[in-house]
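**Q** Right, I'll just put the structure down here and ask away after.
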Amino acid sequence: MAFVPSGSKTLLTIPGLGRLTGTCQPDGAWVTWTNTTTGDLDFWSDVAFPNGAVVHPNQGVVVQSTVDRDASGDFSIGAGKDPGPRRVATFRANALQDGTGAPCGFQAQGTTWASP
């Protein structure tokens, strides 16, 4: 997905886990994961929180930003406690902006999994 500054667009939504949003401004682009559930989510990222974190309901976490114009990162989120069902998603998010004021490009790919 590509669009010009300034604004945000939903890149994807996963029911029961949250929403991935791309934001494009004249001076950079970034990707944010937002917990849209009523419970806490486990969160790991090679960029933002390499040792893991908890994302509370209605809280967002920037998972990738383009200070250097081109960036990508991996992140995983999970909901549920043992014993009980668990829902997990693992993604790679990319953001690109060729220069100040240029359009921003975004890409995300991943997998989801749920236990019974």
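**Q** Considering only residues that are of a type in the set (S, T, N, Q) and either in contact with a helix residue (DSSP H, G or I) (Cβ under 7 Å, 6 or more places away or on another chain) or at pLDDT 80 or above (or both), look in region 56-71 and name the one that is most open to solvent (accessible area, probe 1.4 Å). Don't jump to the end; show me each part of the working.
**A** Let us first name the residues in region 56-71 that are of a type in the set (S, T, N, Q), namely 58-59, 64-66.
Subsequent filtering for residues that are either in contact with a helix residue (DSSP H, G or I) (Cβ under 7 Å, 6 or more places away or on another chain) or at pLDDT 80 or above (or both) retains 58-59.
Details: N58: 132, Q59: 69 Å².
Result: N58.
**Q** Got a number for residues in region 4-20 being surrounded by fewer than 16 Cβ atoms within 10 Å (Cβ to Cβ), over 11 Å from the mean Cα position of the chain (by Cα) and on the phi < 0 side of the Ramachandran plot?
**A** Selection size over region 4-20: 5.
**Q** Does T112 meet the test of being surrounded by fewer than 17 Cβ atoms within 10 Å (Cβ to Cβ) and polar (S, T, N, Q)? Outline the logic, then answer.
**A** Working: surrounded by fewer than 17 Cβ atoms within 10 Å (Cβ to Cβ): yes; polar (S, T, N, Q): yes.
Answer is yes for this residue.
The values are calculated or read from the model by the stated rules, or taken from the named source; none is laboratory data. Since this is a predicted model, take the numbers as computed values, not measurements. Please note: Cβ atoms are built from the backbone with ideal geometry, for glycine as well, and neighbour counts cover all protein chains shown. Just the protein is used for accessible areas: all its heavy atoms, side chains included, with ligands, DNA and RNA removed. Shrake-Rupley method; radii C 1.70, N 1.55, O 1.52, S 1.80 Å.
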